[in-house]
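Student: The following block contains the structure, expressed as structure tokens.
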Amino acid sequence: MKKSWKRILCGGLSLLMVSSLALEGALRLNGKGESASATADAKIEDVTGKFNTSALREQYFNDEVKTAEKTYETRTVMVTLDGAPIADRTKGNVAEYLNSKDGKEAVAAIASEQAAFLRQLTKTGVSYEVVRSYNTVVNAVAVKMNTRYVSTVKGLKGVDSAVITTAYAEPKTYLTYSTEVVENKTEVYETGIYDSEKYTASYGQGSVVAILDTGLDYTHSAFQNFMSSSVELAWSKNDVADKLNKEDLVAESRSGALEVSEVYVSEKVPYAYDYADDDPDVYPSYSNHGTHVAGIIGGYDGSYTDKDGNLINKTFKGVVPDAQLAIFKVFTDDLDDPDLGGAVSEDIVAALDDCVKLNVDVINMSLGTSCGFTSTDDGDDEGEMLNSVYESIKEAGISLVCAASNDYSAGYGGVYGTNLATNPDSGTIGSPSTYPAALSVASINGQKADYMIANKGGDNESYVFYE
């Protein structure tokens, strides 16, 4: 038996070597036996996207391979059209432009373009269901369809790209426990939130921060009051009612017209809507991550309860405790949803579209895909589409803040056990925080580590960390 296996392995290696030599010979010689130098003027053509690989598979692969290759399924496909979105058609305030004559004509033109695309799609005989449509940060239609027809959609007139949307996993909130008292020389409150007092005189008042996350426990004491006794509000209840009357929000495309009483929670939370489950209820029943993030951004309370349930009679204060918070819930807690706990691109883009229409000041997204890229020049259609969305947000004058990543320390597995300024490692940084239009924000944990001092007191004194 052992000899038989040896013969098979050797035979396989021999065949591999012969195949490699044959390939090398084919590359070095042309059909006339001439060397490659004689064909130096040969031209190489880029055929990316020019051939229907599905058709080639059907034509040349045998039945066993074709059966194994058929992994098609019904998914949501985001189809981006050639026409520019609203945010790219004006350099001014998008909300004001939408209510102008030119803006209304632009909205009508985009709607006409999307309707023309859907008529084309119907003529192809492809079965589909419209999930959402967008016109502000991207001119696109999200349709649910069999993924075998994605290449067909890409070939339709007026289509810029067609991508199967991404699902993002549920964000996690981690508690760290330590018996060691770590000296922390950074300027933080006892809650661990950075003390930003010297960088702001108004603590965020007059601004609205949109939080795209798992929702908000709006009954929590940290979201009942501002820090200052008298705060200048960016959005009053009447302002929100006016926005609902004027703006054609994506939120209303599936839930119907919204009343201000449905989305207005309080002066602290003037707008809240669940884009994952299509209703105005943002109370989280699956994950408290959104509440955690909202507290860091704009929470305020005269006292708080620690991780052990003890009442601490000290002030809890977020970074901008006088800012208003707009809650855009994009992670589902629908028990019947296959993406339970997660978020999908079509809902995130819907929330971003409405963020620009409502004219928020800052958008915070604690979501993404680890080990992200900074460039979309590699043929990544979805990355290119999402990058254009973020660029539109930037052009609208809105600050886009994204979590650097939720996976491990940037120094995970490194020789030092942590990430050093002298030995940086950004390997776990995730997109979209890596895109140029986004500000990537990470958390920092101070920690003690064993070390030795080399050449102490000398010119070349250095610290050597070890485990």
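Student: Condition (residue is farther than 14 Å from residue 357 by Cα and in a helix (DSSP H, G or I)) applied to the stretch 123-142: is it met by at least one residue?
Tutor: The answer is yes, given that some residue of the stretch 123-142 is farther than 14 Å from residue 357 by Cα and in a helix (DSSP H, G or I).
Student: Does residue 291 satisfy the condition of being hydroxyl-bearing (Ser, Thr, Tyr), under 18 Å from the mean Cα position of the chain (by Cα) and surrounded by 23 or more Cβ atoms within 10 Å (Cβ to Cβ)?
Tutor: Here the answer is no, as residue 291 does not meet what is asked.
Student: Would you please name the residue that is least open to solvent (accessible area, probe 1.4 Å), looking only at residues in the stretch 70-95 that are of a type in the set (D, E, K, R) and at pLDDT below 90?
Tutor: Of all residues in the stretch 70-95, those of a type in the set (D, E, K, R) come to 70, 73, 75, 82, 88-89, 91.
Next cut, at pLDDT below 90 only: 70, 73, 91.
Values: 70: 108, 73: 89, 91: 168 Å².
Step by step, filter the stretch 70-95, then rank; the result is 73.
Student: Let me ask you something else. For the stretch 421-455, which residues satisfy the criterion of being open to solvent by less than 50 Å² (accessible area, probe 1.4 Å), modelled with pLDDT of 70 or more and over 27 Å from the mean Cα position of the chain (by Cα)?
Tutor: Hit for the stretch 421-455 is 454, nothing else.
Student: Here is a further query. What tally of residues in the stretch 334-350 results from selecting those that are farther than 14 Å from residue 214 by Cβ and outside any loop (DSSP other than H, G, I, E, B)? Show your work before the answer.
Tutor: Restricting attention to the stretch 334-350, the residues satisfying the condition of being farther than 14 Å from residue 214 by Cβ are 335-336, 338, 345-346, 349-350.
Cutting the leftovers down to outside any loop (DSSP other than H, G, I, E, B) gives us 345-346, 349-350.
Residues meeting the conditions: 4.
Student: With among the charged types (D, E, K, R), more than 17 Å from residue 322 (Cα to Cα) and in contact with a Gly (Cβ under 6 Å, 6 or more places away or on another chain) as the only criterion, which of 239, 248, 213, 217 stands out? Talk me through it step by step, then tell me what you get.
Tutor: On the way: 239 fails: in contact with a Gly (Cβ under 6 Å, 6 or more places away or on another chain); 248 fails: in contact with a Gly (Cβ under 6 Å, 6 or more places away or on another chain); 217 fails: in contact with a Gly (Cβ under 6 Å, 6 or more places away or on another chain).
The conditions single out 213.
Student: How many residues does the stretch 456-467 contain that are open to solvent by less than 100 Å² (accessible area, probe 1.4 Å) and not acidic (Asp, Glu)?
Tutor: Within the stretch 456-467, the subset open to solvent by less than 100 Å² (accessible area, probe 1.4 Å) is 457-458, 461-462, 464-465.
Filter once more, keeping what is not acidic (Asp, Glu): 457-458, 462, 464-465.
Of the residues in that region, 5 qualify.
Student: Same structure, new question: Report whether or not residue 154 is farther than 18 Å from residue 344 by Cβ, surrounded by fewer than 12 Cβ atoms within 10 Å (Cβ to Cβ) and under 26 Å from the mean Cα position of the chain (by Cα).
Tutor: Working: farther than 18 Å from residue 344 by Cβ: yes; surrounded by fewer than 12 Cβ atoms within 10 Å (Cβ to Cβ): no; under 26 Å from the mean Cα position of the chain (by Cα): yes.
Against the criterion (farther than 18 Å from residue 344 by Cβ, surrounded by fewer than 12 Cβ atoms within 10 Å (Cβ to Cβ) and under 26 Å from the mean Cα position of the chain (by Cα)), residue 154 does not qualify.
Student: Among the residues of the stretch 296-314, write down those that are open to solvent by 40 Å² or more (accessible area, probe 1.4 Å) and either part of a helix (DSSP H, G or I) or closer than 13 Å to residue 228 by Cα (or both). Give the steps one after another, and end with the answer.
Tutor: Going residue by residue through the stretch 296-314, those that are open to solvent by 40 Å² or more (accessible area, probe 1.4 Å) are 296, 300, 302, 304-314.
If the condition is that a residue be open to solvent by 40 Å² or more (accessible area, probe 1.4 Å) and either part of a helix (DSSP H, G or I) or closer than 13 Å to residue 228 by Cα (or both), then 296, 300, 302 are the ones that fit.
Student: Related question: For the structure I just gave you, tell me whether residue 141 is in contact with a Phe, Trp or Tyr (Cβ under 9 Å, 6 or more places away or on another chain) and at pLDDT below 95. Talk me through it step by step, then tell me what you get.
Tutor: Values: in contact with a Phe, Trp or Tyr (Cβ under 9 Å, 6 or more places away or on another chain): yes; at pLDDT below 95: no.
When the stated conditions are applied, residue 141 does not pass them.
Student: When residues of the stretch 205-238 are filtered for being crowded, with 16+ Cβ neighbours inside 10 Å, on the phi < 0 side of the Ramachandran plot and of a type outside the set (A, V, I, L, M, F, W, C), how many remain?
Tutor: The qualifying residues number 7.
The values are calculated or read from the model by the stated rules, or taken from the named source; none is laboratory data. Bear in mind the structure is a predicted one, so any value in this text is a computation, not a measurement. For neighbour counting, all protein chains shown are included, and Cβ atoms are generated from backbone atoms with ideal geometry for every residue, glycine included. Surface accessibility is based on the protein's heavy atoms, side chains included, excluding ligands, DNA and RNA. Shrake-Rupley method; radii C 1.70, N 1.55, O 1.52, S 1.80 Å.
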